[in-house]
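Here is the structure we will look at.
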Amino acid sequence: MNRHATKAGDYRIGSLLADFQPDFDFVAPLPLPVDEFEDRLRRIRRQAVEAGHDALIVHTGGVGWFHTSNAYLRYICDWMREGVLIIPTDSDKPMVLLSFFTQSVLLPPGGEPVLVEDIWQIGPIGREYADRPGDSVIKTAEKCAELLAGMGLAKAQIGRIGDRTSLTLWAALDELMPKTKFVSDNAILDRMQKVRSPREIEMFRAAAQLVSIATQAAYHVAKPGVIDHEIYAAFTQAQLSSGGETGDGYQIGINEFGTHCGKPYGHVVRPGDLINLYVSNITYRGYTAQTARMIAVGDITKRQEDVLAACTEGVKRAEKLIRPGALMRDVNNAAFEPMIERGMLSSPEARTMPYNWAPMDDGSARLIPRQYVKNIDWEAQGRTLMHVYPATHGPHNPNLGHSVGMAGGQNSFNISSHNYDRMEEGMVFVLHTQWLEPLSAGCNVGDMYVVTKDGFENLSRHTPLETHRISAEA
(Lines give C-alpha, C1' and ligand atoms only; values in the text may rest on other atoms or scores of the structure.)
Protein backbone atom coordinates (compact mmCIF):
# COMPACT_ATOMS: atom_id res chain seq x y z
CA MET A 1 0.00 0.00 0.00
CA ASN A 2 1.30 3.43 -0.90
CA ARG A 3 1.19 5.31 2.43
CA HIS A 4 3.87 7.87 1.61
CA ALA A 5 4.75 10.26 -1.16
CA THR A 6 5.72 8.01 -4.06
CA LYS A 7 9.44 7.17 -4.16
CA ALA A 8 11.22 7.62 -7.47
CA GLY A 9 10.91 4.40 -9.39
CA ASP A 10 14.05 4.67 -11.49
CA TYR A 11 15.84 2.27 -9.16
CA ARG A 12 13.78 -0.63 -10.51
CA ILE A 13 12.40 0.43 -13.90
CA GLY A 14 15.60 -0.79 -15.54
CA SER A 15 15.17 -4.27 -14.08
CA LEU A 16 11.49 -4.36 -15.05
CA LEU A 17 12.45 -3.72 -18.68
CA ALA A 18 15.68 -5.73 -18.65
CA ASP A 19 14.36 -8.59 -20.80
CA PHE A 20 11.83 -6.60 -22.84
CA GLN A 21 11.86 -6.96 -26.60
CA PRO A 22 8.98 -5.97 -28.93
CA ASP A 23 7.61 -8.81 -31.05
CA PHE A 24 8.22 -7.03 -34.36
CA ASP A 25 11.10 -5.14 -35.98
CA PHE A 26 10.89 -1.37 -36.25
CA VAL A 27 12.62 0.25 -39.21
CA ALA A 28 12.67 4.02 -38.91
CA PRO A 29 11.93 5.85 -42.17
CA LEU A 30 14.14 8.75 -43.23
CA PRO A 31 12.86 12.34 -43.14
CA LEU A 32 10.58 13.47 -45.93
CA PRO A 33 12.57 14.28 -49.08
CA VAL A 34 13.00 17.87 -50.25
CA ASP A 35 10.94 17.23 -53.38
CA GLU A 36 7.90 16.54 -51.15
CA PHE A 37 8.23 20.03 -49.68
CA GLU A 38 8.77 21.49 -53.15
CA ASP A 39 5.49 19.94 -54.29
CA ARG A 40 3.69 21.31 -51.24
CA LEU A 41 5.05 24.78 -51.92
CA ARG A 42 3.88 24.63 -55.53
CA ARG A 43 0.38 23.66 -54.43
CA ILE A 44 0.29 26.31 -51.70
CA ARG A 45 1.29 29.00 -54.17
CA ARG A 46 -1.27 27.81 -56.69
CA GLN A 47 -4.08 28.02 -54.14
CA ALA A 48 -2.85 31.47 -53.10
CA VAL A 49 -3.03 32.60 -56.73
CA GLU A 50 -6.56 31.25 -57.05
CA ALA A 51 -7.53 33.21 -53.93
CA GLY A 52 -6.06 36.41 -55.34
CA HIS A 53 -3.23 36.68 -52.81
CA ASP A 54 0.09 38.30 -53.65
CA ALA A 55 1.71 36.54 -50.72
CA LEU A 56 0.97 34.45 -47.65
CA ILE A 57 2.21 34.95 -44.11
CA VAL A 58 2.07 31.91 -41.83
CA HIS A 59 2.41 32.27 -38.05
CA THR A 60 3.18 29.53 -35.55
CA GLY A 61 3.46 30.53 -31.89
CA GLY A 62 5.09 28.91 -28.90
CA VAL A 63 2.89 27.46 -26.17
CA GLY A 64 5.38 26.29 -23.54
CA TRP A 65 7.12 23.00 -22.93
CA PHE A 66 9.00 23.61 -26.19
CA HIS A 67 5.87 23.00 -28.24
CA THR A 68 4.40 25.11 -31.01
CA SER A 69 0.80 26.22 -31.30
CA ASN A 70 0.19 24.63 -34.70
CA ALA A 71 1.86 22.40 -37.28
CA TYR A 72 1.83 24.81 -40.21
CA LEU A 73 5.54 25.67 -40.35
CA ARG A 74 6.60 22.09 -39.87
CA TYR A 75 4.30 21.07 -42.71
CA ILE A 76 5.55 23.76 -45.09
CA CYS A 77 9.29 23.84 -44.38
CA ASP A 78 10.00 21.38 -41.53
CA TRP A 79 10.63 24.14 -38.98
CA MET A 80 9.78 22.94 -35.47
CA ARG A 81 10.17 26.26 -33.62
CA GLU A 82 7.92 29.31 -33.58
CA GLY A 83 8.08 31.62 -36.56
CA VAL A 84 6.49 33.80 -39.21
CA LEU A 85 6.98 32.55 -42.76
CA ILE A 86 6.54 34.91 -45.71
CA ILE A 87 5.62 33.06 -48.91
CA PRO A 88 5.57 35.28 -52.00
CA THR A 89 3.12 33.99 -54.58
CA ASP A 90 5.70 34.52 -57.35
CA SER A 91 7.60 31.25 -57.73
CA ASP A 92 10.92 32.99 -58.39
CA LYS A 93 10.92 34.71 -55.01
CA PRO A 94 12.21 32.71 -52.02
CA MET A 95 10.46 32.23 -48.69
CA VAL A 96 11.67 34.28 -45.73
CA LEU A 97 11.46 33.14 -42.10
CA LEU A 98 11.29 35.31 -38.97
CA SER A 99 11.91 33.30 -35.80
CA PHE A 100 13.64 33.12 -32.42
CA PHE A 101 11.16 35.46 -30.75
CA THR A 102 10.22 33.28 -27.78
CA GLN A 103 12.35 32.03 -24.89
CA SER A 104 12.53 28.54 -26.37
CA VAL A 105 16.14 27.35 -26.47
CA LEU A 106 15.73 24.77 -29.23
CA LEU A 107 18.29 24.96 -32.00
CA PRO A 108 18.45 23.00 -35.27
CA PRO A 109 18.72 20.16 -35.84
CA GLY A 110 16.12 18.96 -35.91
CA GLY A 111 14.52 21.09 -38.43
CA GLU A 112 16.77 23.19 -40.65
CA PRO A 113 14.01 24.90 -42.65
CA VAL A 114 13.59 23.46 -46.13
CA LEU A 115 13.49 25.86 -49.11
CA VAL A 116 14.10 28.91 -46.90
CA GLU A 117 17.01 31.23 -47.72
CA ASP A 118 16.97 34.09 -45.19
CA ILE A 119 16.14 33.61 -41.49
CA TRP A 120 15.76 36.70 -39.32
CA GLN A 121 16.35 36.36 -35.58
CA ILE A 122 13.99 38.72 -33.78
CA GLY A 123 15.09 37.86 -30.27
CA PRO A 124 13.08 37.55 -27.05
CA ILE A 125 13.31 40.86 -25.23
CA GLY A 126 11.52 42.79 -22.50
CA ARG A 127 12.44 44.31 -19.17
CA GLU A 128 12.19 41.14 -17.07
CA TYR A 129 13.93 38.83 -19.55
CA ALA A 130 16.66 41.03 -21.05
CA ASP A 131 16.36 44.40 -19.33
CA ARG A 132 15.59 45.92 -22.71
CA PRO A 133 12.47 47.82 -23.73
CA GLY A 134 10.10 46.43 -26.31
CA ASP A 135 7.84 43.51 -27.13
CA SER A 136 8.99 40.56 -29.24
CA VAL A 137 5.65 40.21 -31.02
CA ILE A 138 5.63 43.88 -32.00
CA LYS A 139 9.25 43.64 -33.14
CA THR A 140 8.27 40.62 -35.25
CA ALA A 141 5.41 42.56 -36.81
CA GLU A 142 7.67 45.53 -37.54
CA LYS A 143 10.26 43.38 -39.32
CA CYS A 144 7.53 41.49 -41.18
CA ALA A 145 6.01 44.76 -42.40
CA GLU A 146 9.46 46.01 -43.47
CA LEU A 147 10.16 42.84 -45.45
CA LEU A 148 6.74 42.87 -47.12
CA ALA A 149 7.18 46.51 -48.11
CA GLY A 150 10.60 45.67 -49.52
CA MET A 151 8.96 43.05 -51.70
CA GLY A 152 6.57 45.66 -53.07
CA LEU A 153 3.63 44.31 -51.09
CA ALA A 154 2.68 47.35 -49.02
CA LYS A 155 -0.59 47.74 -50.96
CA ALA A 156 -1.17 44.08 -51.82
CA GLN A 157 -3.65 41.37 -50.84
CA ILE A 158 -1.99 39.01 -48.41
CA GLY A 159 -3.41 35.79 -47.03
CA ARG A 160 -2.58 35.03 -43.44
CA ILE A 161 -2.59 31.68 -41.70
CA GLY A 162 -2.32 31.15 -37.95
CA ASP A 163 -4.31 30.51 -34.78
CA ARG A 164 -5.30 32.23 -31.53
CA THR A 165 -1.67 32.95 -30.68
CA SER A 166 -1.48 35.05 -33.85
CA LEU A 167 -4.00 37.72 -32.84
CA THR A 168 -1.53 40.24 -31.43
CA LEU A 169 0.71 39.91 -34.49
CA TRP A 170 -2.25 40.34 -36.86
CA ALA A 171 -3.42 43.45 -35.00
CA ALA A 172 0.06 44.97 -35.19
CA LEU A 173 0.31 44.28 -38.92
CA ASP A 174 -3.09 45.86 -39.49
CA GLU A 175 -1.82 49.02 -37.84
CA LEU A 176 1.58 49.01 -39.55
CA MET A 177 0.22 48.27 -43.04
CA PRO A 178 -3.12 50.12 -43.32
CA LYS A 179 -3.17 49.96 -47.14
CA THR A 180 -2.68 46.18 -47.24
CA LYS A 181 -5.67 43.88 -47.54
CA PHE A 182 -5.19 40.94 -45.17
CA VAL A 183 -7.41 37.88 -45.66
CA SER A 184 -7.55 34.95 -43.22
CA ASP A 185 -7.04 31.78 -45.22
CA ASN A 186 -6.15 28.79 -43.02
CA ALA A 187 -8.18 26.63 -45.36
CA ILE A 188 -5.32 26.62 -47.89
CA LEU A 189 -3.22 24.43 -45.60
CA ASP A 190 -6.07 22.63 -43.85
CA ARG A 191 -7.46 21.30 -47.14
CA MET A 192 -4.07 19.98 -48.19
CA GLN A 193 -3.78 17.85 -45.05
CA LYS A 194 -7.06 15.98 -45.37
CA VAL A 195 -5.51 13.33 -47.65
CA ARG A 196 -1.92 12.20 -47.05
CA SER A 197 0.85 11.28 -49.47
CA PRO A 198 2.54 7.83 -49.52
CA ARG A 199 5.65 9.26 -47.83
CA GLU A 200 3.57 10.91 -45.14
CA ILE A 201 1.82 7.61 -44.51
CA GLU A 202 5.24 6.06 -43.88
CA MET A 203 5.67 8.58 -41.06
CA PHE A 204 2.24 7.80 -39.60
CA ARG A 205 3.02 4.10 -39.82
CA ALA A 206 6.27 4.63 -37.93
CA ALA A 207 4.52 6.66 -35.23
CA ALA A 208 1.89 3.92 -34.85
CA GLN A 209 4.62 1.29 -34.53
CA LEU A 210 6.24 3.35 -31.78
CA VAL A 211 2.89 3.23 -29.98
CA SER A 212 2.85 -0.55 -30.31
CA ILE A 213 6.41 -0.87 -28.99
CA ALA A 214 5.51 1.36 -26.05
CA THR A 215 2.28 -0.53 -25.36
CA GLN A 216 4.11 -3.84 -25.35
CA ALA A 217 6.60 -2.38 -22.88
CA ALA A 218 3.74 -1.27 -20.63
CA TYR A 219 2.25 -4.76 -20.81
CA HIS A 220 5.66 -6.18 -19.92
CA VAL A 221 5.98 -4.32 -16.63
CA ALA A 222 2.33 -4.07 -15.52
CA LYS A 223 1.56 -6.31 -12.54
CA PRO A 224 0.27 -5.93 -8.98
CA GLY A 225 2.62 -3.82 -6.89
CA VAL A 226 3.90 -1.76 -9.80
CA ILE A 227 3.13 1.97 -9.65
CA ASP A 228 1.41 3.90 -12.45
CA HIS A 229 4.54 6.07 -12.77
CA GLU A 230 6.54 2.95 -13.65
CA ILE A 231 4.10 1.82 -16.34
CA TYR A 232 4.11 5.33 -17.77
CA ALA A 233 7.90 5.41 -17.64
CA ALA A 234 8.21 2.05 -19.41
CA PHE A 235 5.87 3.23 -22.15
CA THR A 236 7.82 6.47 -22.49
CA GLN A 237 11.28 4.91 -22.48
CA ALA A 238 10.37 2.36 -25.11
CA GLN A 239 9.01 4.84 -27.64
CA LEU A 240 11.56 7.60 -27.02
CA SER A 241 14.50 5.22 -27.36
CA SER A 242 13.15 4.13 -30.75
CA GLY A 243 12.79 7.63 -32.16
CA GLY A 244 9.70 9.20 -30.58
CA GLU A 245 9.86 12.98 -30.23
CA THR A 246 7.84 13.69 -27.10
CA GLY A 247 6.97 11.98 -23.84
CA ASP A 248 3.82 13.83 -22.82
CA GLY A 249 1.17 13.00 -25.40
CA TYR A 250 -0.69 10.21 -23.64
CA GLN A 251 -2.69 9.36 -20.57
CA ILE A 252 -2.90 6.44 -18.18
CA GLY A 253 -5.93 5.69 -16.06
CA ILE A 254 -5.90 3.04 -13.33
CA ASN A 255 -8.58 2.21 -10.80
CA GLU A 256 -11.25 -0.38 -10.12
CA PHE A 257 -13.77 1.48 -12.29
CA GLY A 258 -11.91 1.67 -15.59
CA THR A 259 -11.63 5.45 -15.56
CA HIS A 260 -9.40 6.70 -18.37
CA CYS A 261 -7.91 10.07 -19.44
CA GLY A 262 -5.67 10.34 -16.37
CA LYS A 263 -2.04 11.03 -15.54
CA PRO A 264 0.07 8.99 -13.11
CA TYR A 265 -0.19 10.11 -9.50
CA GLY A 266 1.15 7.17 -7.49
CA HIS A 267 -1.54 4.51 -7.86
CA VAL A 268 -0.32 1.03 -6.97
CA VAL A 269 -1.68 -1.68 -9.28
CA ARG A 270 -3.97 -4.11 -7.45
CA PRO A 271 -6.13 -7.10 -8.37
CA GLY A 272 -9.41 -5.91 -9.87
CA ASP A 273 -7.91 -2.80 -11.45
CA LEU A 274 -8.65 -1.74 -15.02
CA ILE A 275 -5.79 0.08 -16.71
CA ASN A 276 -6.26 2.27 -19.76
CA LEU A 277 -3.44 3.42 -22.02
CA TYR A 278 -4.98 6.30 -23.94
CA VAL A 279 -2.33 7.32 -26.44
CA SER A 280 -3.49 10.68 -27.75
CA ASN A 281 -0.19 11.52 -29.40
CA ILE A 282 3.10 9.78 -30.09
CA THR A 283 5.11 11.82 -32.58
CA TYR A 284 7.67 10.72 -35.16
CA ARG A 285 9.26 13.50 -37.25
CA GLY A 286 6.20 15.67 -36.65
CA TYR A 287 3.61 13.00 -37.54
CA THR A 288 1.43 11.54 -34.82
CA ALA A 289 -0.30 8.30 -33.95
CA GLN A 290 -3.20 7.57 -31.60
CA THR A 291 -4.54 4.34 -30.11
CA ALA A 292 -6.17 3.11 -26.91
CA ARG A 293 -5.82 -0.19 -25.04
CA MET A 294 -7.19 -1.75 -21.85
CA ILE A 295 -5.52 -4.01 -19.28
CA ALA A 296 -7.48 -6.08 -16.74
CA VAL A 297 -5.73 -7.18 -13.55
CA GLY A 298 -7.19 -10.49 -12.43
CA ASP A 299 -10.96 -10.80 -12.10
CA ILE A 300 -13.24 -7.86 -12.88
CA THR A 301 -17.02 -7.45 -12.62
CA LYS A 302 -19.57 -8.77 -15.10
CA ARG A 303 -20.63 -5.22 -15.95
CA GLN A 304 -17.04 -4.30 -16.69
CA GLU A 305 -16.69 -7.33 -18.97
CA ASP A 306 -19.88 -6.31 -20.81
CA VAL A 307 -18.57 -2.77 -21.37
CA LEU A 308 -15.19 -4.04 -22.58
CA ALA A 309 -16.90 -6.43 -25.00
CA ALA A 310 -19.27 -3.77 -26.37
CA CYS A 311 -16.46 -1.31 -27.05
CA THR A 312 -14.14 -3.88 -28.63
CA GLU A 313 -16.89 -5.22 -30.86
CA GLY A 314 -17.84 -1.69 -31.86
CA VAL A 315 -14.40 -0.91 -33.31
CA LYS A 316 -14.39 -4.19 -35.20
CA ARG A 317 -17.81 -3.57 -36.74
CA ALA A 318 -16.78 -0.10 -37.84
CA GLU A 319 -13.49 -1.35 -39.27
CA LYS A 320 -15.28 -3.67 -41.68
CA LEU A 321 -16.80 -0.68 -43.48
CA ILE A 322 -13.56 1.26 -44.08
CA ARG A 323 -12.90 1.73 -47.80
CA PRO A 324 -12.85 4.54 -50.36
CA GLY A 325 -16.38 5.85 -50.81
CA ALA A 326 -17.65 4.68 -47.43
CA LEU A 327 -19.91 7.19 -45.69
CA MET A 328 -18.28 8.39 -42.47
CA ARG A 329 -21.70 8.41 -40.83
CA ASP A 330 -22.12 4.69 -41.55
CA VAL A 331 -18.72 3.83 -40.07
CA ASN A 332 -19.56 5.83 -36.96
CA ASN A 333 -23.00 4.33 -36.47
CA ALA A 334 -21.76 0.75 -36.87
CA ALA A 335 -19.53 1.15 -33.82
CA PHE A 336 -22.43 2.10 -31.56
CA GLU A 337 -24.61 -0.87 -32.56
CA PRO A 338 -23.23 -3.15 -29.80
CA MET A 339 -24.02 -0.49 -27.20
CA ILE A 340 -27.55 -0.08 -28.53
CA GLU A 341 -28.06 -3.87 -28.55
CA ARG A 342 -27.01 -4.01 -24.89
CA GLY A 343 -29.31 -1.14 -23.89
CA MET A 344 -26.41 1.23 -23.14
CA LEU A 345 -27.58 3.74 -25.78
CA SER A 346 -30.79 4.31 -27.69
CA SER A 347 -29.28 6.00 -30.75
CA PRO A 348 -25.90 6.67 -32.42
CA GLU A 349 -26.88 10.28 -33.18
CA ALA A 350 -24.37 12.70 -31.65
CA ARG A 351 -27.05 15.31 -30.98
CA THR A 352 -28.98 12.99 -28.65
CA MET A 353 -26.14 10.97 -27.15
CA PRO A 354 -25.06 11.32 -23.51
CA TYR A 355 -21.31 11.78 -23.11
CA ASN A 356 -18.93 12.31 -20.22
CA TRP A 357 -18.28 16.03 -20.67
CA ALA A 358 -21.77 17.03 -21.79
CA PRO A 359 -23.55 20.08 -20.35
CA MET A 360 -27.17 19.76 -19.25
CA ASP A 361 -29.77 19.02 -21.91
CA ASP A 362 -30.70 22.70 -22.11
CA GLY A 363 -27.06 23.68 -22.66
CA SER A 364 -26.50 25.02 -19.16
CA ALA A 365 -23.56 24.03 -16.96
CA ARG A 366 -23.61 20.64 -15.26
CA LEU A 367 -22.65 20.41 -11.58
CA ILE A 368 -20.06 17.71 -10.97
CA PRO A 369 -21.37 15.49 -8.13
CA ARG A 370 -19.68 16.19 -4.81
CA GLN A 371 -19.08 12.91 -3.01
CA TYR A 372 -16.25 11.28 -1.10
CA VAL A 373 -14.56 8.62 -3.23
CA LYS A 374 -12.13 6.30 -1.47
CA ASN A 375 -8.67 6.37 -3.02
CA ILE A 376 -6.00 5.10 -0.65
CA ASP A 377 -3.02 6.07 -2.82
CA TRP A 378 -4.22 9.66 -3.13
CA GLU A 379 -5.04 9.82 0.57
CA ALA A 380 -1.57 8.46 1.43
CA GLN A 381 -0.25 11.68 -0.09
CA GLY A 382 -2.42 13.84 2.14
CA ARG A 383 -5.19 14.55 -0.37
CA THR A 384 -8.83 13.44 -0.68
CA LEU A 385 -10.97 12.80 -3.76
CA MET A 386 -14.24 14.62 -3.14
CA HIS A 387 -15.94 14.65 -6.57
CA VAL A 388 -17.17 11.95 -8.93
CA TYR A 389 -15.53 12.00 -12.35
CA PRO A 390 -16.89 11.92 -14.96
CA ALA A 391 -20.08 13.74 -14.09
CA THR A 392 -22.31 11.53 -16.24
CA HIS A 393 -22.29 8.20 -18.05
CA GLY A 394 -21.72 7.60 -21.74
CA PRO A 395 -18.89 7.71 -24.24
CA HIS A 396 -15.99 10.10 -23.72
CA ASN A 397 -16.97 11.77 -27.03
CA PRO A 398 -20.34 11.67 -28.84
CA ASN A 399 -18.58 10.26 -31.90
CA LEU A 400 -16.31 7.42 -32.91
CA GLY A 401 -13.09 9.07 -34.01
CA HIS A 402 -11.27 11.74 -35.94
CA SER A 403 -8.44 12.45 -38.33
CA VAL A 404 -4.86 12.04 -37.14
CA GLY A 405 -2.34 14.56 -38.38
CA MET A 406 0.78 16.42 -37.33
CA ALA A 407 1.67 17.35 -33.78
CA GLY A 408 -0.08 20.59 -32.86
CA GLY A 409 -2.57 20.35 -35.71
CA GLN A 410 -6.33 20.37 -35.45
CA ASN A 411 -8.67 17.58 -36.53
CA SER A 412 -9.60 18.08 -40.16
CA PHE A 413 -12.65 15.82 -39.76
CA ASN A 414 -14.54 13.77 -37.20
CA ILE A 415 -16.06 10.33 -37.68
CA SER A 416 -19.53 11.20 -36.46
CA SER A 417 -23.21 10.63 -37.12
CA HIS A 418 -23.54 14.06 -38.74
CA ASN A 419 -20.55 13.66 -41.11
CA TYR A 420 -21.88 12.73 -44.55
CA ASP A 421 -18.47 12.95 -46.24
CA ARG A 422 -17.06 9.89 -47.93
CA MET A 423 -13.72 8.31 -47.16
CA GLU A 424 -10.86 8.80 -49.61
CA GLU A 425 -7.65 6.90 -50.21
CA GLY A 426 -4.90 8.46 -48.07
CA MET A 427 -7.10 9.56 -45.17
CA VAL A 428 -5.58 8.74 -41.76
CA PHE A 429 -7.75 8.52 -38.64
CA VAL A 430 -8.39 6.81 -35.32
CA LEU A 431 -11.53 4.89 -34.37
CA HIS A 432 -11.92 4.63 -30.59
CA THR A 433 -14.99 3.44 -28.75
CA GLN A 434 -15.27 4.77 -25.22
CA TRP A 435 -17.69 4.29 -22.36
CA LEU A 436 -17.67 5.32 -18.72
CA GLU A 437 -20.15 4.73 -15.93
CA PRO A 438 -19.04 6.68 -12.84
CA LEU A 439 -17.75 4.40 -10.08
CA SER A 440 -18.81 1.31 -12.04
CA ALA A 441 -17.24 0.44 -15.40
CA GLY A 442 -15.26 1.92 -18.24
CA CYS A 443 -13.43 1.19 -21.46
CA ASN A 444 -11.48 3.04 -24.12
CA VAL A 445 -10.11 1.06 -27.05
CA GLY A 446 -9.18 2.13 -30.54
CA ASP A 447 -7.03 1.57 -33.61
CA MET A 448 -5.48 3.88 -36.19
CA TYR A 449 -6.16 3.39 -39.89
CA VAL A 450 -5.23 4.63 -43.33
CA VAL A 451 -7.68 4.22 -46.22
CA THR A 452 -6.05 2.28 -49.06
CA LYS A 453 -7.05 1.79 -52.68
CA ASP A 454 -9.09 -1.32 -51.91
CA GLY A 455 -9.83 -1.04 -48.20
CA PHE A 456 -7.66 -0.08 -45.24
CA GLU A 457 -4.46 -0.74 -43.32
CA ASN A 458 -4.62 -1.02 -39.54
CA LEU A 459 -1.50 0.91 -38.53
CA SER A 460 -1.74 -0.21 -34.88
CA ARG A 461 -2.18 -3.91 -35.58
CA HIS A 462 0.94 -4.99 -33.67
CA THR A 463 -0.99 -5.01 -30.39
CA PRO A 464 -4.42 -6.70 -30.38
CA LEU A 465 -7.46 -4.57 -29.70
CA GLU A 466 -8.79 -7.03 -27.12
CA THR A 467 -8.26 -6.38 -23.40
CA HIS A 468 -4.81 -7.47 -22.23
CA ARG A 469 -5.09 -9.78 -19.22
CA ILE A 470 -2.54 -10.07 -16.44
CA SER A 471 -2.55 -12.27 -13.37
CA ALA A 472 -3.71 -10.99 -10.01
CA GLU A 473 -0.56 -12.52 -8.55
CA ALA A 474 2.40 -10.16 -8.12
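The values are calculated or read from the model by the stated rules, or taken from the named source; none is laboratory data. All values derive from a computational prediction rather than experimental measurement. Ideal geometry is used to build each Cβ from the backbone, glycine not excepted, and the neighbour counts take in all protein chains shown. Each accessible area value is taken on the protein alone, full model and side chains, heavy atoms only, with ligands, DNA and RNA left out. Shrake-Rupley method; radii C 1.70, N 1.55, O 1.52, S 1.80 Å.
When the gyration tensor of the chain is built from Cα positions, what are the square roots of 5 times its three eigenvalues, in whole Å, from largest to smallest?
42, 26, 23
Counting only heavy atoms of protein chains, what accessible area per residue, in Å², does the chain have with a probe of 1.4 Å? Provide the component values of the computation, followed by the final result.
On the way: 21440 Å² over 474 residues.
About 45 Å² of surface per residue is accessible.
Only loop residues by DSSP count here, and only those with at most 16 other Cβ atoms within 10 Å; note down the GluC sites (Glu not before Pro) in the range 373-438 that meet that.
Those satisfying the criteria are Glu424, Glu425.
May I ask you to derive the FRET efficiency for Val63 and Ser471 from their Cβ-Cβ distance with R0 = 35 Å, giving the value to the nearest 0.05?
0.25
Of the chymotrypsin sites (Phe, Trp or Tyr not before Pro) in the range 347-437, which ones lie in a loop per DSSP and count no more than 16 other C-beta atoms within 10 Å?
In loop regions of the range 347-437 (DSSP not H, G, I, E or B), the sparsely surrounded chymotrypsin sites (Phe, Trp or Tyr not before Pro) are Trp357, Phe413, Tyr420.
Picking from Asn332, Cys77, Ala208, whose Cα lies most toward the positive end of the charge dipole for the chain (charges on Cβ: Lys, Arg +1; Asp, Glu -1)?
Asn332
For the chain, what does -39500 (n - 2.57) per DSSP helix run (n ≥ 4), summed and divided by total residues, give at 222 nm, in deg cm²/dmol to the nearest 500? If you can, show how the numbers build up before the last one.
Values: 12 runs with 138 residues, N = 474.
Estimated from H runs of four or more residues: -9000 deg cm²/dmol.
What is the gain in length, in nm to one decimal, between Leu439 and Met386 on full extension, counting 0.36 nm per residue of separation less the C-alpha to C-alpha distance?
Working: separation 53, 0.36 × 53 = 19.08 nm, distance 1.28 nm.
The Leu439-Met386 span can extend by a further 17.8 nm.
Looking only at the range 404-424, which residues have a backbone nitrogen under 18 Å from a spot 7 Å from the Cα of Ala187 in the C-beta direction?
Once the point is set 7 Å along Cα→Cβ of Ala187, 410-414, 420-422 turn out to lie under 18 Å by backbone N, inside the range 404-424.
Tilt of helix 136-150 relative to the longest C-alpha principal axis of the chain, in degrees (0 to 90, nearest 10)?
Helix 136-150 sits roughly 40 degrees off the main axis of the chain.
Lone cysteines in the chain, going by a 4.7 Å Cβ-Cβ cut-off?
So, Cys77, Cys144, Cys261.
In Å, what is the Rg of the alpha-carbon atoms in the range 1-140, and how long is Dmax?
Rg, Dmax (Cα atoms, Å): 21.4, 68.
Which distance in Å, rounded to a whole number, links the C-alpha centroids of the range 71-123 and the range 202-246?
32 Å
Using 18 Å as the cut-off for backbone N distance, which residues of the range 225-241 belong to the label zone defined by a point 7 Å from the Cα of Ala28 along Cα→Cβ?
235-241, by backbone N distance to the label point.
Report, in degrees rounded to the nearest 10, the 0 to 90 angle that the Cα long axis of helix 34-50 makes with the longest principal axis of the chain.
70 degrees
Give the carbon-plus-sulfur fraction of the accessible surface of the chain in %, rounded to a whole number; probe 1.4 Å, heavy atoms of protein chains only.
Working: 10940 of 21440 Å².
That fraction is 51 percent.
For Glu142 and Glu337 in the same chain, what is the full-extension length gain: residue separation times 0.36 nm, less their Cα-Cα distance, in nm?
Stretched out fully, the Glu142 to Glu337 stretch lengthens by 64.5 nm.
Are there trypsin sites (Lys or Arg not before Pro) in the range 173-282 that DSSP puts in a loop and that have at most 11 other Cβ atoms within 10 Å, and which ones?
In loop regions of the range 173-282 (DSSP not H, G, I, E or B), the sparsely surrounded trypsin sites (Lys or Arg not before Pro) are Lys179.
Using a cut-off of 14 Å between beta-carbons, work out the net charge of the residues near Ile119 (Lys and Arg +1, Asp and Glu -1, Ile119 not included).
-3
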